[in-house]
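FYI, it's all coordinate maths here, none of it is from the lab. Note that the structure is predicted; figures quoted are calculated from it, not measured. Ideal geometry is used to build each Cβ from the backbone, glycine not excepted, and the neighbour counts take in all protein chains shown.
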Amino acid sequence: MTTTAPAPSPTVTGDGTTARSRAAGRWRRARWTVLVLSALALTVLVMAVSRPATSTVPYAPDNARPDGARAVAEVLADQGVDVRYVTTVADALGAAGPGSTLLVTPAPYLLGPQADALAGTEADLVVAGADQLLVTAASGDVLERFPATNPPTDPVHPGCDVPAAVAAGTVVLSGGLAARDGVDPDVTLCWPTRDGAVLASVRDGDRDVTLVDDASFLRNDTVLDEGDAALALHLLGTHTELVWLVQDPLDTTTTPGSGPGPTGSMLPPWAGVVGLWALLVVVVAAVWRARRLGPLVAEPLPVVVRASESTRGRARLYRRARSRGHAAAGLRASTAERVARRLGLPRSADPTTLTDAVARATARPAHEVAALLYGPPPTDEAQLTELAHRLDTLESEVHRS
Amino acid sequence: MALTWRAVALAVLGVVPVAVLPVPGTVLVWAIVVVAACALDVALAASPRAVAVRRAVPGSVRRGTPARSELVLTNEAPRRLRALVRDAWPPSVVVDPRSRTAGGPVVAHSGRHRVDLPPGESARVRTPLLPTRRGERTAGPVSIRAYGPLGLAARQASLPVPGRIRVLPEFASRRHLPSRLARLREMDGRAAVQVRGEGTEFDSLREYVVGDDVRSIDWRATARRRDVVVRTWRPERDRRVVVVLDTGRTSAARIGDADVVPGGGDAPGGTADPAPATADAEAPTVGGTRLEASLEAALLLSALADRAGDRVQVLAYDRTLRARVAGASGPRLLPALAEGLATVEPTLLETDWTGLVSQVRTQVTQRALVVLLTTLDPAAVETGLLPVVDRLTRTHQVVVAAVADADLARLRADRTTSTAVYDAAAAARADLERSAVAAVLRQRGAEVVEALPDDLAPRLADTYLALKAAGRL
């Protein structure tokens, strides 16, 4: 009856599928997923193509929002200026050469070597909204900058003979530029305000370095105020080539041709390649671990929950309600029942009979037994536990007798 | 298709060209190299679908008995087959179900075999099986992962090879059978000890020996023989015993691992030792339902009653008749019972006691011993059994045998914390309710046996012997 002889089953070859039927099955299973994913990809593609490429980077020439500078860039492009948008110092220096203009928009993350590298360009340099570091470097240490404390309110006349300033006329811009050593023949200051000049033009050999303390003359929302547009077009439209630098915060490059791109610039140059290789390894390892050797074999189980769960539930109800009376009554009744059976008393025996019989069997005083079996309910949990232990003792004494 | 660790190693080797020429193109080229090598390997691998597989398993095996499943694999492809073969079986049949991957499915390493077959050759692999649950178990598919010559990648297929094994009841309670048979022989008067049964059937005459009851002296025969001759009696034979297994929802209850409770004794009478409630919480595939304990009791009682010369039939009933074993006796009884009851599973339905009583009344018309293997759950008994038990006790001797919950016995004895005392109080209350139900059943004329899973079978056998000795069958 234990083990009958092995009964061979029929020989099976293959699973009744062909390459064609397996492919069809895979297609049938995957077609909805493929359909949904391709529809999603198509939607994304259409949206990407139909919308013009704009960015949200402030002062970027392709940003059409109020803080962008697309208006100026478009007008310059219409006038035949080739606007080249770069995000790293290295690219800017690589693109800017003699006979071109390099615009540096506000760059709070510029490093000292980068500022020096920018100052050393051979192109005409236009620095908009620069901090002290770049102002000092770009002007060859003849200018200094004081942060503007009073916001500009009234239009100011240029008061100088820089062509761009003359063309612009009055502007409402904040200023903070001053010559370090008083009057310098190479330095021209325009639009003097209480904090300093708005524009400083430094003649350095055969190139012009122009610093504008307030970059808002480039912004889409303020470019039409007073003479801002004329100032921007005059400064940037001098040459047919304009390199427009909006520095990426992660950019650390200084010399042209170094480093792969803006994001990898903080990491070693080979980091990206190693990352790609690690990705390849991870993908192969995932495919290796993911394939299971055949399907899971399931087994139906009759029931998983234990039968005693209902009793535990009742115990928890007692406990939550602090129903020590009920709990003690249960313990006492159970003990009384077992003791009565042990002593041969009928189930219907009354408390006095039972108490007397137990007292005789255990040689305990009757009142003590009565207090134990029929006493008042315990008032706290310690008493309940003690009662349980004493009932156990009583029961063991009866069983021993 | 499947990859191996070698494919990963090949991908890792890409670090060399990447170090020599650190540009993205290198990685791309290396990825193509890896993919091409794997594709080549897959293309050169033998087809797992060209393997002829035959599975041989024992038709039936007793629970807890080791068995094995044999696979005969024949490589019919023109290429050499290097493969990993998995012979999949349900968790309760595999030998090493405890090797789990963190919370995931069971990985049975005993069911995985490596084969290396030249074209046209065959191999035989054996998977050890150890069934831990009764019932019919169907094997899973045979999965073959055929590696290519480079060992980088493999082709894989799962072949639906039929295979089923019927796990018979363990009949662990058969260890109680010899002592009960000895008691039966004593009752028969065949044993040396003078403990005769109070049977009513006249057996034989023999000489008086000191100690015999003087009331059993046959004076007429004594007068003829000059010696004092006594009559001996023997218990009745050819009585009918009907064992009814309740397979309704209460039989599905998991009542804790009987092995964990040492000693135990007569629940709800004695006090079981508090044992840690570890038990089968981690192994839900192990039996432990009330029906398993009932089955053990039914098998022991049937074996004993058959040896005592009674006619046994076993019914399994919830709302319909699930199984019926009748007419077998002698050496054919136990195999018939094991086969017939192997596939009885608890159903999550309320037992139809009216139908059950009618079923019993159609099966036996004469007086019989009707053993109801069920539970003393107060709600279930009050609505189900109590209203109809009269119809049975009128014509038959009824024994209600109930499996007590080992968990409850543990709970009731636990005094370690105040929480445990509340649990003990609830368990004590449940005990009281059950013993009240038992008292009502006794009033209606039924015998009631309630015991822990391990003790039910011997207790029921003892009750049977006591009834037989008292001539109440």
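Of the listed peptides A:197-204, B:343-350, what is their order by residue-averaged count of other C-beta atoms within 10 Å, with the highest listed first?
The peptides rank, most packed first, as A:197-204, B:343-350.
Over region B:48-168, what relative contact order in percent results from Cα pairs under 8 Å that are six or more residues apart?
Numbers: 298 pairs, mean separation 42.2, N = 121.
So the answer I get is 35 percent.
Can you sort A:TYR374, A:TYR85 so the residue with the fewest Cβ neighbours within 10 Å comes first? Present the calculation step by step, with values, prior to reporting the outcome.
Details: A:TYR374 14, A:TYR85 19.
By the 10 Å Cβ count, ascending: A:TYR374, A:TYR85.
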GNM top mover of A:GLU241, A:GLU337, A:GLU226 - chain A, alpha-carbon springs below 10 Å: A:GLU337
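Under the classification rounded if a/c is under 1.5, otherwise prolate if a/b is larger than b/c and oblate if not, where does region B:240-469 fall, given a ≥ b ≥ c as square roots of the Cα gyration tensor eigenvalues? Write down the numbers at each step before the final one.
Numbers: a/c = 1.77, a/b = 1.51, b/c = 1.17.
It is prolate, given that a/c is not under 1.5 and a/b is the larger ratio.
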Ranked by how many other beta carbons lie within 10 Å on average, peptides A:345-351, B:418-424 from highest: B:418-424, A:345-351
For region B:144-151, Karplus couplings with θ = phi - 60° (6.51, -1.76, 1.60), whole Hz, Gly/Pro x: 10, 10, 9, 7, x, x, 7, x
Quarter of Cα convex hull surface for the protein assembly as shown, i.e. mean projection, nm²: 62.6 nm²
Dipole of the protein assembly as shown [Lys/Arg +1, Asp/Glu -1 at C-beta], most positive-end residue of A:VAL46, A:ALA90, A:THR255: A:VAL46
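Taking 35 Å as R0, compute the FRET efficiency from the Cβ-Cβ separation of B:THR416 and B:LEU349 and round it to 0.05. Working shown, then result.
Working: r = 38 Å, r/R0 = 1.10.
So, using R0 = 35 Å, E works out to roughly 0.35.
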Within a Gaussian network of chain A (alpha carbon springs, distance under 10 Å), most fluctuating of A:ALA19, A:ALA92, A:ALA329: A:ALA329
For B:332-343, mean number of other protein chain Cβ atoms within 10 Å: 1
Nonlocal amide H pairs with B:ALA404, under 5 Å, H built at 1.01 Å: B:ALA451, B:LEU452
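Mind ordering B:64-77, B:212-225 by average Cβ neighbours within 10 Å, highest first?
Numbers: B:64-77: 18.7, B:212-225: 11.9.
Averaged packing, sorted descending, gives the order B:64-77, B:212-225.
What relative contact order, as a whole-number percentage, does region A:70-251 give when Cα pairs under 8 Å and 6 or more residues apart are counted?
Working: 399 pairs, mean separation 59.7, N = 182.
Result for region A:70-251 is 33 percent.
Over chain A, what is the mean sequence separation of C-alpha contacts under 8 Å (at least six apart), divided by residue count, expressed as relative contact order in percent? Write out the running numbers ahead of the final one.
Details: 572 pairs, mean separation 60.2, N = 401.
Relative contact order for chain A comes out at 15 percent.
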Neighbour-count order for A:PHE146, B:PHE171, A:PHE217, fewest beta carbons within 10 angstrom listed first: A:PHE146, B:PHE171, A:PHE217
Most positive-pole-ward Cα, B:LEU129, B:LEU81, B:ALA146, against dipole of region B:25-165 from beta carbon charges: B:LEU129
Computed [θ] at 222 nm, deg cm²/dmol, chain A (DSSP H ≥ 4; -39,500 (n - 2.57); rounded to nearest 500): -13500 deg cm²/dmol
Of B:LEU28, B:ALA436, B:VAL381, farthest towards positive along the dipole that unit charges on Lys, Arg, Asp, Glu beta carbons give chain B: B:LEU28
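Roughly how crowded by other chains is peptide A:316-328, in terms of the mean Cβ count from those chains within 10 Å of each of its Cβ atoms? Spell out each step's value before the answer.
Details: counts 4, 2, 6, 7, 1, 0, 1, 2, 4, 0, 4, 9, 2.
Averaged over the peptide's residues, the number is 3.
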Dipole moment magnitude, nearest 20 debye, chain B about Cα centre, only Lys, Arg, Asp, Glu C-beta charged: 1600 debye
For the protein assembly as shown, size of Cβ-based charge dipole, Lys and Arg +1, Asp and Glu -1, in debye: 8860 debye
Tensor-based shape of region A:193-319 (alpha-carbon gyration tensor, a/c under 1.5 rounded, otherwise prolate or oblate): prolate
For region B:293-362 and region A:161-216, distance of Cα centres in Å: 109 Å
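Using a/c under 1.5 as the rounded threshold, could you call region B:332-411 rounded, prolate or oblate? The axes a ≥ b ≥ c are square roots of the C-alpha gyration tensor eigenvalues, and prolate needs a/b larger than b/c, oblate otherwise.
On the way: a/c = 1.71, a/b = 1.10, b/c = 1.55.
Judged from the Cα gyration tensor, region B:332-411 comes out oblate (a/c at least 1.5, b/c at or above a/b).
How big, on average over all directions, is the shadow cast by the Cα convex hull of region A:118-263, in nm²?
Values: hull surface 37.9 nm².
Quarter of the Cα hull surface area: 9.5 nm².
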Distance between modelled label sites at B:ARG124 and B:ARG215, nm, 7 Å Cα→Cβ extension: 6.8 nm
Chain B - convex hull of the alpha-carbon atoms, volume per residue in Å³: 217 Å³
Environment charge of A:ALA64, counting only residues whose C-beta is closer than 12 Å and scoring Lys/Arg +1, Asp/Glu -1: 0
Whole-Hz ³J(HN,Hα) from phi, Karplus 6.51 cos²θ - 1.76 cosθ + 1.60, for region A:143-151, glycine and proline x: 10, 9, 10, 10, x, 5, 9, 9, x
In order through region A:165-178: 3J(HN,Hα) via Karplus (6.51 cos²θ - 1.76 cosθ + 1.60), integer Hz, x for Gly, Pro: 5, 5, 5, 6, x, 7, 9, 10, 9, 7, x, x, 9, 8
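If you count, for every residue in B:3-11, the Cβ atoms of partner chains within 10 Å of its Cβ, what is the mean?
Numbers: counts 8, 2, 4, 1, 4, 9, 2, 2, 10.
Whole-number average of other-chain Cβ neighbours for B:3-11 is 5.
I need A:ASP195, B:ASP407 ordered by Cβ neighbour count within 10 Å, fewest first. Provide the component values of the computation, followed by the final result.
Working: A:ASP195 19, B:ASP407 24.
Ranked by crowding around the Cβ, least crowded first: A:ASP195, B:ASP407.
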Helical mean residue ellipticity (222 nm; -39500 (n - 2.57) per DSSP H run of 4+; nearest 500) of chain B: -10000 deg cm²/dmol
Gained length - B:ALA439 relative to B:ALA182, 0.36 nm times residue gap less alpha-carbon distance: 89.4 nm
